[in-house]
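A quick write-up on the structure given underneath.
The values are calculated or read from the model by the stated rules, or taken from the named source; none is laboratory data. Computed from a predicted structure; not experimentally measured. Every residue, glycine as well, gets a Cβ built from its backbone with ideal geometry; the counts of neighbours run over all protein chains shown. Heavy atoms of the whole protein, side chains included, go into the accessibility calculation; ligands, DNA and RNA do not. Shrake-Rupley method; radii C 1.70, N 1.55, O 1.52, S 1.80 Å.
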Amino acid sequence: MRVAVIGAGIAGLTAAFRLRLAGEEPVVFEAQAQTGGVIGTERIEGFLVEFGPTTIQAANPVLDVLIRDTGLEPDRLPASKTARKRYIVRDGKPVAAPNSPADLVTNSLFSARAQRRALREPLIPRSRPTEEESVADFARRRFGPEALDYGMDPLVAGVYGGDPKRLAIRHAFPGIWRMEQESGSIVRALLRGRKDKKSRMASGMFSFRKGLGQLPEALSDALGDRLRLSTPVRRLERQGARWIVSGDCLLGGHEQTAWSESFDAVVYAAPLHALASIALPEGPSLKPLTNVVYAPLVVTAMGFRREHVGHPLDGFGMLVPGVERSIRILGTLFTSSIFSGISSASSTFQSDIARAPAGHVLLTTIIGGMRNPALASLPEKEAYDLVLGDLRRLLDISGEPVFRWHTSWKLAVPQYNIGYGKTLAAIERLEASWPGWFMAGNYRMGVSIGDAAKSGEEAARRCLL
Ligand SMILES: Cc1cc2nc3c(=O)[nH]c(=O)nc-3n(C[C@H](O)[C@H](O)[C@H](O)COP(=O)(O)OP(=O)(O)OC[C@H]3O[C@@H](n4cnc5c(N)ncnc54)[C@H](O)[C@@H]3O)c2cc1C
């Protein structure tokens, strides 16, 4: 079976890899000159820069098998123990966040009043399962207003660059929503989960020795000449049971050649907004898909001499709640602390896996999102000044950065807002009305790398039925 896979982000690459292993003939069309979509890594001036994501959540069965099958297991790099600690900014200072239900009542991030309110959480009745409640309403109802401001709001900024008043708890955080539905209480469900030794051991974050870019690279190597880069798809037509896929091949500069090929099936793994620029066959309305909002984000990597940063950087990073109005960044990863270059096997510094050269630190800061989308369009120099200003205040930075890098994502992360159920239903309608059409991507099962890969795997599985 010949399958056209549109988009070589992690979802499309996973789908194509699985189809290939099953003996089928996938061809991946990618608009850009490289694969990986928003995942990409480069070592620049000794600093390991991640242009998009920095870490992967461990214990994802789809990714675990993918990593094994691509031979990447020896290159897996777990986050340091230090990275278990996370900071939330409160009153203009990073404060260590609770990392267990018991911590909720002893931690200094929340006031005594908020802690008393959180203790009542197990007594709060669950919502109706049919309701699409916002993340903000959910957090306020179950834990109180401070838990929203200093708990859920910064989490939403970190995962979605999103607005908790618009995101739907059921779609944006299905795991948390299910805890309420199944256990009647988040605290009860978490306490029960902690007793499960296996889930405790498996949690944590990881990357690879040379950064996250190794994952799409390994998948691309396995696909070889089945990848067509700089080849955006422009038109999809149905001809009997077959699909005719057409587009351009960008030959450098503006030179283009048109192409057209016939396939048995199509896996659409490009973002939903890209559907608007592809001519498609007659079918159900695409509005619930193309209307999905994508948050814009800018990723700023900055390197400093270690002695110029007063903060110990002893954690994963810090997130900034929206109520901390004097600070405009969404959050900062202490990238060189997460992957310090000192592995558990040897206590010596290894510059090939460290994210910053010896004697330096790397901080990765995100700005923009739905909280302040205009910041994502700032000219580079203004964005640097804004980030540096906030970092100086929060992390006690004295010297100038010795390194900086700016990556702008105009349409970065899809927002699983209230009403997203209609988008998911429209995707299913489209798949039902166009035989041989399958959809995968971070708009389907969650926005994490693991979720996007899972959607690719799932699309390949259905394609093979
Ligand atoms: C700044 C940032 C930080 C993040 N941090 C994390 C993190 O730390 N951990 C985590 O788990 N997740 C993180 N995420 C989320 C996660 O990285 C993404 O959701 C996931 O990688 C998206 O994969 P995808 O394959 O669905 O889409 P994409 O990566 O968007 O890939 C889609 C591909 O389709 C291509 N395409 C578009 N139109 C066409 C066309 N017409 N023809 C052919 N190709 C086309 C695009 O060029 C692109 O390569 C982050 C995301 C961003 C933006």
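Taken as a whole, the structure places Ala301 among residues that are in the same structural domain as Leu394 (by TED's automatic domain parsing), closer than 28 Å to Ala33 by Cβ and part of a strand (DSSP E or B). Every listed requirement among (1) of a type in the set (S, T, N, Q); (2) away from the ligand (no atom under 16 Å from the Cβ); (3) outside the structural domain of Ala218 (by TED's automatic domain parsing) is met by Ser433 save one, (3). Entry remark, the stretch 5-35: residues being under 19 Å from Ser230 (Cα atoms) and more than 10 Å from the ligand (Cβ to nearest atom) number 3 in total. If you filter the stretch 235-257 down to residues that are among the polar types (S, T, N, Q) and modelled with pLDDT of 90 or more, you find that the one that is surrounded by the most Cβ atoms within 10 Å (Cβ to Cβ) is Ser246.
Residue-by-condition table, conditions (1) in the same structural domain as Val135 (by TED's automatic domain parsing); (2) under 21 Å from Val89 (Cβ atoms); (3) among the charged types (D, E, K, R); (4) free of Cβ contacts under 8 Å to residues at least 12 places away in the same chain:
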site: Leu378; (1), (2), (3), (4): no, yes, no, no
site: Leu386; (1), (2), (3), (4): no, yes, no, no
site: Arg393; (1), (2), (3), (4): no, yes, yes, no
site: Asp396; (1), (2), (3), (4): no, yes, yes, no
site: Phe403; (1), (2), (3), (4): no, no, no, no
site: Glu428; (1), (2), (3), (4): no, no, yes, yes
site: Asn442; (1), (2), (3), (4): no, no, no, no
site: Ile449; (1), (2), (3), (4): no, no, no, no
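Just to be sure before I move on: is Ser134 of a type in the set (Gly, Ala, Ser) and closer than 22 Å to Ala172 by Cα in the structure I sent? Yes; evaluated as a whole, the condition is true for this residue.
Do you know which of the residues in the stretch 400-424 that are open to solvent by 10 Å² or more (accessible area, probe 1.4 Å) and over 27 Å from Leu155 (Cα atoms) is nearest to the ligand (Cβ to nearest atom)? Among those residues, the one meeting the criterion is Pro401.
The listed residues are Ser203, Ser220, Ser207, and the only one of them that is at pLDDT below 95 and polar (S, T, N, Q) turns out to be Ser203. Please go through the stretch 349-376 and pick out each residue that is touching a Pro at 6+ places or on another chain (Cβ under 7 Å) and not in a loop (DSSP other than H, G, I, E, B). Hits for the stretch 349-376 are Gly368, Pro373, Ala376. Considering Ser230, Ser285, Ser260, the condition of being within 16 Å of the ligand (Cβ to nearest atom) and either open to solvent by less than 30 Å² (accessible area, probe 1.4 Å) or closer than 30 Å to Arg166 by Cα (or both) is satisfied by Ser230 alone. Of all the numbered requirements in (1) at pLDDT below 95; (2) away from the ligand (no atom under 16 Å from the Cβ), Ile44 misses one, and that requirement is (1).
Among the residues of the stretch 1-20, those identified as open to solvent by 20 Å² or more (accessible area, probe 1.4 Å) and in contact with a helix residue (DSSP H, G or I) (Cβ under 7 Å, 6 or more places away or on another chain) are Arg18, Arg20. Of all the listed residues (Val38, Val95, Val49), the sole one being under 23 Å from Ile366 (Cα atoms) and either of a type in the set (Lys, Arg) or away from the ligand (no atom under 16 Å from the Cβ) (or both) is Val95.
Checked across the stretch 316-334, the condition of being among the hydroxyl-bearing types (Ser, Thr, Tyr), at pLDDT 95 or above, open to solvent by less than 70 Å² (accessible area, probe 1.4 Å) and assigned to a helix (DSSP H, G or I) holds for no residue. Reported count of residues in the stretch 288-315, each being open to solvent by 20 Å² or more (accessible area, probe 1.4 Å) and either under 20 Å from Arg86 (Cβ atoms) or of a type in the set (S, T, N, Q) (or both), is 7. Would you be able to say whether some residue in the stretch 146-159 is part of a helix (DSSP H, G or I), open to solvent by 60 Å² or more (accessible area, probe 1.4 Å) and farther than 24 Å from Thr335 by Cβ? Checked the stretch 146-159: no residue is part of a helix (DSSP H, G or I), open to solvent by 60 Å² or more (accessible area, probe 1.4 Å) and farther than 24 Å from Thr335 by Cβ.
For the stretch 72-90, filtering for residues that are open to solvent by 50 Å² or more (accessible area, probe 1.4 Å) and either closer than 12 Å to Leu215 by Cβ or part of a helix (DSSP H, G or I) (or both) leaves 6.
A count restricted to the stretch 114-143 and to residues that are hydrophobic (A, V, I, L, M, F, W, C) and part of a loop (DSSP other than H, G, I, E, B) stands at 1.
For the stretch 55-68, the condition holds for no residue, the condition being that it is under 30 Å from Glu261 (Cβ atoms), within 11 Å of the ligand (Cβ to nearest atom) and not assigned by TED's automatic domain parsing to the domain that holds His273. For the stretch 436-462, taking the residues that are open to solvent by 10 Å² or more (accessible area, probe 1.4 Å), more than 11 Å from the ligand (Cβ to nearest atom) and assigned to a helix (DSSP H, G or I), the one that is nearest to Ile56 (Cα to Cα) is identified as Glu457.
Of the residues examined, Ser351 is one that is over 23 Å from the mean Cα position of the chain (by Cα), more than 23 Å from Pro94 (Cβ to Cβ) and either outside the structural domain of Pro53 (by TED's automatic domain parsing) or of a type in the set (Ser, Thr, Tyr) (or both).
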